[in-house]
Amino acid sequence: MISYLVGPQMLNLLGVAILVLALAMLGLRGFNRSLNVYAMHSLLLAIVTAITGYNVANMHVYVAAVATIIIKVVAIPLIMIKLVSTMRVRQESRLLVNAPTSFIIAIGLMMLASHMARLTMPGQSPFETMLTVGIAVSMFGMLLIVLHKDAVIQVIGLLTMENGFFLVGLILTGGMPFFVEVGIFFDILLTSLLLWVYLRRMNFELKSTNTMHLNQLRG
Amino acid sequence: MEFLAQKIAIGIGQALFVLLSAPLFTSLMKKVKAHFQCRFGPGLLQGYYDIWKLLKKDAVISEHASWVFKTTPYVVFSATFIAAVIVPSFAVVLPTAGIGDAIIVIYLLGLARFFTAIAGLDTGSSFGGMGSSREMMISSLAEPVTMTGLFVLAAAAGSTDFGGIITKSLVTGHVQPAYLLLFPAFLIIAVAETGRVPVDNPATHLELTMVHEAMILEYTGRHLALIEWAGALKLTLLLTIIANVFFPWGIAESMAWPAVMVGIFAITAKVGLLAIGIAAMESMIAKLRLFRVPELIGGAFVLAMLALIIRTTGIG
Amino acid sequence: MTEAFFVVVLVAYLIGTVLPLVFYSNNRINIPIAHAFALIASGAGIIASVLALTGATAVTVTIFPSPVFGATSLSLDGLSAFFLLTISLVSLAVSIYATPYMVKTAGKRSAAGFGALYNLFLLSLVMVVTVDNAFYFVVFWELMTLTSYFLVVFDYKKIQTARAGFQYLVMTHVGTAFILFSLIALSVHAGGFSFAGFKAAQASLPMGLKNAIFISALLGFSTKAGLVPLHVWLPRAHPAAPSHVSALMSGVMIKTGIYGLIRVLFDFLSPTPWWWGLLILILAMVSAILGVMYALMEHDIKRLLAFHSVENVGIIMMGVGLAVIFSSFGFVPAALLSLTAALFHLINHAIFKGLLFLGAGSIQYSTGTKNIEELGGLIKRMPTTAALFLIGSLAISAIPPFNGFASEWLTFQSILQANLIGDVSLQLIVLLAVPALALTGGLAATCFVKAFGITFLSLPRSERAANAKEVPVPMLVGMAILGLLCLALGVGSPVFIPIPWHVATSFFNGASEMPSFNPLLLRLPNSQGHASMSLLLVAALLAVVSLASVVLTGLRGKRSVTTGPTWDCGIPEVTPRMQYSAAAFTRPLKIVFSAIYQPRRQVEVESEASPYFPLSISYESSLYPVFERQLYRRFINTLVRMARRARMIQAGNINLYLAYIFATLVILLVFVWR
């Protein structure tokens, strides 16, 4: 277990901010705004990574922080925004349930996450918070995928989920082995490129990224 | 004996202070909004002039209205006034706090709202009914947020008294995650409860988009004066709560005169700044569609619940 | 002294049961007689219960001894006396109210049987809450159910009434079966039927049996109390009965379920595990929210009130659930506070719900309809009823300075005690009661703005409403008593609360009397946070400030108050059809909570030439009855399917039936010889 000499209080605040941003994504419908929030979310994650790097005094955690900024804060939002800007049709997603209901579900998940975090690491100040946040964020990402009808938001959901997993991994191990980390970043980049192609194709064929159209593919 | 006299003096001072300062803040907000619209806007004393003018005017009452319509302004005014007196403004421990705690303040506002809503239905106008219907929807959704938020504060302080809550936030400092989350939640509630943009527009002249103004559409003369004054009191009251809970700086912790003077100055400045902030925000955003309002309040609810979870689990 | 009054209660009800039947054919005699004796009994009941509550020892009255089941003795300990007080307060007002109401409702039919049943029903209520023997408890419980069934189906020619009555009978009997199981299990364990024996044997109950007893008692008693999802009978049966009986059923009878649960939980099954309390709390939260939500969409005023009973039972049960949780962790003062809140809300609900049902009865009396969409403008035609209904509405919406607020305040304070609980996850779930309770309060206020505003204010929406007249004085007196009690129990809450507090102390060891008793200020004990409020001060200040503002705003100059038309955007005249209707009023919330309501609507527009000039528009909207369809319908379908399968053995052939008997005989013989 890593000992945090610097900024447990700071980490708690950051954790809460990460949580709030993930929740905000649940309530947003506009693509651009969601992507901006995602970029901010990743930026906070990068700061948490950097603080962890400082605490464990490990160079490759800093590298991970920089990689997070390059890939998740800049590259992915940029290509997605570019994609969205090529779409002419209504740039808003719809939810399966209304926003207050999804918020209530999110609160339930949040309580579950805090329960699970307490079972894993009871009463250890920054870890319990960050674990709660990590689990909650990955569940919110999943919720985003489940509840939204639009593929663009679903992709953002997937990326959010990954952010949550990254945070959990970071907190539990204090930075994974370098190759694993590089692999993960490569994966994320590749995945978003693949999804980018898929979205473009879908938008081209259907003039929309609403996944409800895919229902008709059933034989 | 001298102590008692001082207590009574402070109590009356608190009552007069909230009563007389309230119109100032609504005028201030109008002024700021005018500034954003590149107008000069009315002076800072316009709120007082308005009330004075309305008090002088004849009242016209709808022929369909009953005694409910005539009593409502007085009930609304007195309920809001008493609620405002309970909330500590310039000193932490006020003698008026003995009347009740935070819960009763919220429910006294509920009394005022109940009467405003039935008065809206009393005249038989469809605008009044529409206003009451919408106002009750918004407020019944806002109530859980307010109470959850208050409970986070009360659980921290171990008391539902405002005195205890403010003392607690004086002691612990302010950069706590739970408080940071509650601040926007309370701000949204204050905006929703006082009928300001983006929930409602106090300056609108189109009946179909009005909420609070539609309910009181039929009021004139001194009745309207009281309702307007009560509205200003409610705004001041909610902003005072926010100011003193989240920024308890400068509030008098003793009953010594210098401390009280500083307290009066501090609360005026804090509420004034909050009012300017809200007015600026109002000028920059558009009114939400009615059925988007629940989402806004839902967001506030999430923040309050998050604060509750964080506080309870001891994370923050 | 107390015994004497208690005997008067029993005797007066008995006479009231018999005497109306003597004057069977003359309604002018039998109706006043029935209610006069009920009135005497209620008065004596109030005195007896107050004496018992202030006296030190429990009072027991033995009626007749039975060698098998023990003596039928009725005893007034704290809890019983408290419930007797609740019953008697409501029945006092209802009995005054009932005479003119029954004269009109009965019409040419004889009301003698009804009067007799009315007294018998009240008698059974009193006996249920005072008897201290499980066997007789069940007997009186059944008596209560049956008499109330007959009271519900008074209007038996209406098909809805008959069906509602039948559903009520079936549901409560299923409930009784569960109660029977738990009481039999307790008596088998204790080796006798007396409650004292149950209490003595509780320490040696094995945990598994204890859980089984709890679950079945919860199922049984919450059917009576109307807790979700066992509430479905309540909104049908209560409105079907004549209004003063609805007042008794909603105000008092459903409380016997809570009585039974408190008795079993705290007297027979303590110490209780915490998860029982959590289960009760969750059911209570769901009940409170769903009850008020369905009430909101209801435009039949009595059904609306019946759904509010579901809500308020939820609020009461929150207190009970919290008390169980706190007591299981050994937080005695917190448990005491929660149970006090529950008991206080219980009596408050009895009072304001009684008032509101009597008000609904008055509306029905003078307009002949319960549908608020046909009403309006009644405040000018029935001013006193309107004022009293407004008091009831304010009280049930938890608005200060009325009694509903006082008990909700206490409930909020007991939720705040969740701070004590060590387990954080449990504490979080308990704290969910805060938004639940607040949402309930907000929606209840909305609902009663609708109920009061649409019914009493603005213009009448139908001929019936336009021709309404104020009800006779006795009916107003009956309501006024309850209205005054609403204010008195709110303003005087610090004086009254020591009574339920004292009742609650009997269940917890090491409980203390309520400290720092102050008639002006409702203050919590210091160990539980320092919160205080004074509804008396609030009420006084409200009066003073209102009067002062009337005087001060009236001082300036010579201004007149003129009446003019309502603003109508230049249309010649405001008509009743332009007003907001109840359906329109609640539509925003219907849309917001559409996930729960699942509203269906049908609009049919009939037009001749152009769609812009419709001849007629019909609008029909309904809610999807989730519980009936998803829970009950499935259960019933399974039952029917099984019954069909069982029908195979019913061939109708006598030879076959004889063969069954023969086969049974053979099997039995084999079984015996084995």
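Below, the figures for the structure above:
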quantity: Tally, over the range C:336-370, of residues that are within 25 Å of C:F266 (Cα to Cα) and of a type in the set (S, T, Y); calculated: 2
quantity: Which listed residue, of C:A406, C:A395, C:A465, C:A444, is assigned to a helix (DSSP H, G or I), touching a strand residue (DSSP E or B) at 6+ places or on another chain (Cβ under 9 Å) and buried (at least 24 other Cβ atoms within 10 Å of the Cβ); calculated: C:A406
quantity: From C:V18, C:V50, C:V8, residue being more than 24 Å from C:G251 (Cβ to Cβ), assigned to a helix (DSSP H, G or I) and at pLDDT 90 or above; calculated: C:V18
quantity: Test: residue in the range C:647-662 that is surrounded by 10 or more Cβ atoms within 10 Å (Cβ to Cβ), in a helix (DSSP H, G or I) and either in contact with a helix residue (DSSP H, G or I) (Cβ under 7 Å, 6 or more places away or on another chain) or not hydrophobic (A, V, I, L, M, F, W, C) (or both); calculated: yes
quantity: Count - residues of the range C:80-97 that are among the hydrophobic types (A, V, I, L, M, F, W, C) and either modelled with pLDDT under 90 or farther than 27 Å from C:G260 by Cβ (or both); calculated: 1
quantity: Filter result (in contact with a Lys or Arg (Cβ under 8 Å, 6 or more places away or on another chain), closer than 28 Å to B:V76 by Cβ and not small (G, A, S)) within the range B:241-275; calculated: B:N244
quantity: Conditions (1) away from chain B (no Cβ under 11 Å); (2) touching a residue at least 40 places away in the same chain (Cβ under 8 Å); (3) touching a Lys or Arg at 6+ places or on another chain (Cβ under 8 Å): number failed by C:Q579; calculated: (1)
quantity: Within the range C:412-441, considering residues that are of a type in the set (G, A, S) and farther than 23 Å from A:A117 by Cβ, the one surrounded by the most Cβ atoms within 10 Å (Cβ to Cβ); calculated: C:G441
quantity: Residues within the range B:160-193 that are under 25 Å from B:L233 (Cα atoms) and at the interface with another protein chain (Cβ under 8 Å from one of its Cβ atoms), tallied; calculated: 3
quantity: Criterion: facing chain C (nearest Cβ under 7 Å) and in contact (Cβ under 8 Å) with a residue 24 or more places away in the chain - qualifying residue of B:D50, B:D58; calculated: B:D58
quantity: Within the range B:99-117, considering residues that are within 18 Å of B:A154 (Cβ to Cβ) and in contact (Cβ under 8 Å) with a residue 60 or more places away in the chain, the one nearest to the other protein chains (Cβ to nearest Cβ); calculated: B:D101
quantity: Test: B:T72 is crowded, with 24+ Cβ neighbours inside 10 Å and closer than 16 Å to B:G128 by Cβ; calculated: yes
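The values are calculated or read from the model by the stated rules, or taken from the named source; none is laboratory data. If you're wondering where the values come from, they're calculated on a predicted model, not measured in any experiment. Cβ coordinates were reconstructed from backbone atoms using ideal geometry, including for glycine residues, and neighbour counts include every protein chain displayed.
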